[in-house]
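Asks: Could you have a look at this structure, given as structure tokens, before my questions?
Bear in mind that the values in this text are calculations on the coordinates, not laboratory data. It should be emphasised that the depicted structure is a prediction, and the values quoted were computed from it without experimental measurement. Here the Cβ positions follow ideal geometry from the backbone for every residue, glycine too, while neighbour counts run over all protein chains shown.
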């Protein structure tokens, strides 16, 4: 009777926590808070151009203490930048608090269900990695979307220049017409230009908001053209063509490596599924693996070899283009 009451209490506290979190999120999604958050990230970035040092110091003083502490720790030093690369509108302190809450709640829930401290610790550690795995997934997803839409943005800028529009007007057009994240980044660059920064500086600052080699080529071409001149429209058109050809080759490589990736997925999942099925059908068949000391060694060795095999397969089929 005690366990159901504890589970219900846990769920009630968890729902209350989610409600409070959603309420705080709704307040902090306002334009004022977004502007303040963007200025704080820009102030912490020493490589960002165009910000006076006295203004940078004043903004840094207004950063919450927990965010300042996280910015100095080795493991969370780049967390705020990664959140920006992922397009998540959340501070580093809030992300760490969410990850910590997930870990604690998972530990309590697993402990109540299994009554095993070891199982609760293992489950909590595994679940604590989920927020960071989600962060890496969002970074990769946002970069892929940017790479897919970026050639269209370059083509739009090139055609706008040929039609007689100014470069600033072309940047504004990209910010309004191209889908996010390309449109969002170029719109930010245009708005920063309206506030007094040079357009080359605002475009260079975009490199700190997303790790894209194509964007670095673009900003380098803009900087060189701004210094020595040249046919910028033709340069951007050739760059867009090169990016499209590279994307075409990447899709072909994914088709050629599809069998290898499927093999890796099957080899990774098959031992786990087999182990679970044998334990369900005949629990005594594999009991020596987790009841005997030698069995635990064998099981740990199998897990290590499995992980090494997955990394080897991933290394073989991952071709950088």
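Asks: As a footprinting exposure proxy, order 190, 297 by other Cβ within 10 Å, with the fewest listed first.
Replies: In order of increasing Cβ crowding within 10 Å: 297, 190.
Asks: Kindly state, as a whole number, the per residue volume in cubic angstrom of the convex hull around the alpha carbon atoms of the stretch 141-254. Show your work: numbers first, answer last.
Replies: Values: hull volume 10.9 nm³, N = 114.
Residue-normalised Cα hull volume stands at 96 Å³.
Asks: What is the distance in Å between the Cα centroid of the stretch 163-239 and that of the stretch 290-311?
Replies: Between the Cα centre of the stretch 163-239 and that of the stretch 290-311, the gap is 52 Å.
Asks: Alpha carbons only, please: Rg and Dmax for the stretch 100-151, in angstrom.
Replies: Answer for the stretch 100-151, Rg first and Dmax second: 16.6, 56 Å.
Asks: Whole number please: convex hull volume per residue of the Cα set in the stretch 162-321, in Å³?
Replies: On the way: hull volume 30.8 nm³, N = 160.
About 192 Å³ per residue, rounded to a whole number.
Asks: Could you grab the relative contact order for the stretch 179-321? Cα pairs under 8 Å, six or more apart, rounded to a whole percent. Kindly include the intermediate steps, with their values, before the conclusion.
Replies: Numbers: 51 pairs, mean separation 25.2, N = 143.
Once divided by the residue count of the stretch 179-321, the mean separation gives 18 percent.
Asks: Further question on the same structure: With N set to the number of residues, divide the alpha-carbon radius of gyration of the stretch 204-269 by 2.2 N^0.38 Å and report two decimals.
Replies: Values: Rg = 17.9 Å, N = 66, 2.2 N^0.38 = 10.8 Å.
That ratio works out to 1.65.
Asks: A further question on this structure: By its C-alpha gyration tensor, with a ≥ b ≥ c as the square roots of the eigenvalues, how is the stretch 230-303 shaped: rounded for a/c under 1.5, else prolate for a/b larger than b/c, else oblate?
Replies: prolate
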